[in-house]
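Heads up: the structure comes next, in structure tokens.
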Amino acid sequence: MKIAILPGDGIGPEIVDQAVNVLNALDLKFEMESAPVGGAGYAAHGHPLPEATLKLAQEADAILFGAVGDWKYDTLERSLRPEQAILGLRKNLNLFANLRPAILYPELSGASTLKPEVVSGLDILIIRELTGDIYFGKPRGVRIATDGAFVGEREGYDTMRYAETEIRRIAHVAFQAAQKRDKRLTSVDKANVLETFQFWKDIVTDVHKEYPDVALDHMYVDNAAMQLIRAPKKFDVMVTGNMFGDILSDAAAMLTGSIGMLPSASLDKNNKGLYEPSHGSAPDIAGKGIANPLATILSAAMMLRFSLGLPEQADRIENAVKKVLAQGLRTPDIYEAGTTKVGTVEMGEAVVRALI
Ligand code: NAI
Ligand code: MG
């Protein structure tokens, strides 16, 4: 098996180094090959997603990605900016299923903005469709309105659309993820207002026939947003479209305290995937040795579970992370009085030592 290692820029290389050390310490038989991406791709080859990097990602069984977005490159034209690398990878590899677990570790319950009784023990999984919806639908643009109350005025417009295939494949991913967890799935839509999401609801209901062991319920997105803040533990697995998922997954991320703790997976139809922390390349702290590597280390665990068929090894990593938190080790983003402040490297080394 081959893993493509794409550290990126900013804190990317610092946090990916630690995840690679953890993978090496598992002593498994896989090959790892790294390539520059984002700002590092531009610096080395004049493009955020150099051809050789894309080729490596296409050939590999899984991709471990750090982060991209160094502000140094903000003045480049859009197609050369670091963020194009991650968009290009998602598109080229057809990574349509974005899995974001939101877990609140008991040791970090003070880090959440919600009351402990509301969030303690939180462990939910949000699945966001990543390649369709209003984010990609055409036509889109700004034009002169030819109908409605504002004829003759300029108007902005986008197109929300989902093909049946797109809905079915994300529904399958969601039902299968639910089968491996608590066998409960909430599909989030806006079927009361949007044709696209009435269609979504109908298709998800149809796919449900193949998964009778999973309990399915449907919820409107506005209510889902409310329930996520009011009683997030009511959920187990949630599945939704690209735009609703973008918003709900960021809201859920904040329930858990620090973005430095949150891994993610983006999968194709064969469960080949790209694994990355939910955060960006944090240029404000890059090079300081204080970035939290745990989101990336936990992303590596998801990679072992979802793409490489090694769930016991994923458990080993996740248990090691729980152990270092129980030992009181904290990078500055999760630091509280009474704990021990450590840097990126020390945190990574502690996880390696905690592996059993
Ligand atoms: P960001 O996630 O990079 O940083 C937000 C805040 O969280 C900053 O204060 C940062 O220091 C902190 N933070 C992030 N990760 C951390 C970690 N592991 N440990 C400790 N603190 C951490 O988001 P921001 O600042 O909005 O974006 C910075 C750049 O990253 C932008 O150019 C953006 O486009 C890019 N970006 C890239 C993503 C990716 O590679 N998939 C995702 C999100 C943003
Ligand atoms: Mg977002």
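The values are calculated or read from the model by the stated rules, or taken from the named source; none is laboratory data. All values derive from a computational prediction rather than experimental measurement. All Cβ positions, even for glycine, are placed from backbone atoms using ideal geometry, and neighbour counts span all protein chains on display.
Among the residues of the stretch 259-285, which ones are of a type in the set (A, V, I, L, M, F, W, C), more than 20 Å from Ile229 (Cα to Cα) and either more than 10 Å from ligand 1 (Cβ to nearest atom) or surrounded by fewer than 20 Cβ atoms within 10 Å (Cβ to Cβ) (or both)? If the condition is that a residue be of a type in the set (A, V, I, L, M, F, W, C), more than 20 Å from Ile229 (Cα to Cα) and either more than 10 Å from ligand 1 (Cβ to nearest atom) or surrounded by fewer than 20 Cβ atoms within 10 Å (Cβ to Cβ) (or both), then Ala265, Leu267, Ile285 are the ones that fit. Taking the stretch 312-334 as the range and being without any contact (Cβ under 8 Å) to a residue 24 or more places away in the chain, more than 15 Å from ligand 1 (Cβ to nearest atom) and hydrophobic (A, V, I, L, M, F, W, C) as the test, only Ala314 passes. Within this structure, Val193 fails the test of being in contact with a Gly (Cβ under 9 Å, 6 or more places away or on another chain), of a type in the set (Val, Ile, Thr) and more than 16 Å from ligand 2 (Cβ to nearest atom). Of all the numbered requirements in (1) away from ligand 2 (no atom under 16 Å from the Cβ); (2) in contact with a helix residue (DSSP H, G or I) (Cβ under 8 Å, 6 or more places away or on another chain); (3) of a type outside the set (Val, Ile, Thr); (4) at pLDDT 95 or above, Ala215 misses one, and that requirement is (2). A search for C-beta distances below 7 Å between a residue of the stretch 185-213 that is under 14 Å from Arg169 (Cα atoms) and any residue that is surrounded by 17 or more Cβ atoms within 10 Å (Cβ to Cβ) and basic (Lys, Arg), counting only pairs 6+ apart in sequence or on different chains, returns Ser187/Lys201. Filtered by the rule that a residue be within 12 Å of ligand 1 (Cβ to nearest atom), farther than 19 Å from Pro116 by Cα and aliphatic (A, V, I, L, M), the stretch 244-258 gives no residues. Run down Ile124, Ile144, Ile134 and say which single residue is out of contact with any His (no Cβ under 9 Å at 6 or more places or on another chain) and under 25 Å from Gly309 (Cβ atoms). Answer to the selection: Ile124. Against the test of being of a type in the set (Lys, Arg), buried (at least 21 other Cβ atoms within 10 Å of the Cβ) and within 19 Å of Lys269 (Cα to Cα), the options Arg168, Arg100 yield a single qualifying residue, Arg100.
Note on the stretch 119-147: residues that are over 26 Å from Leu185 (Cα atoms) and either outside any loop (DSSP other than H, G, I, E, B) or charged (D, E, K, R) (or both) amount to 7.
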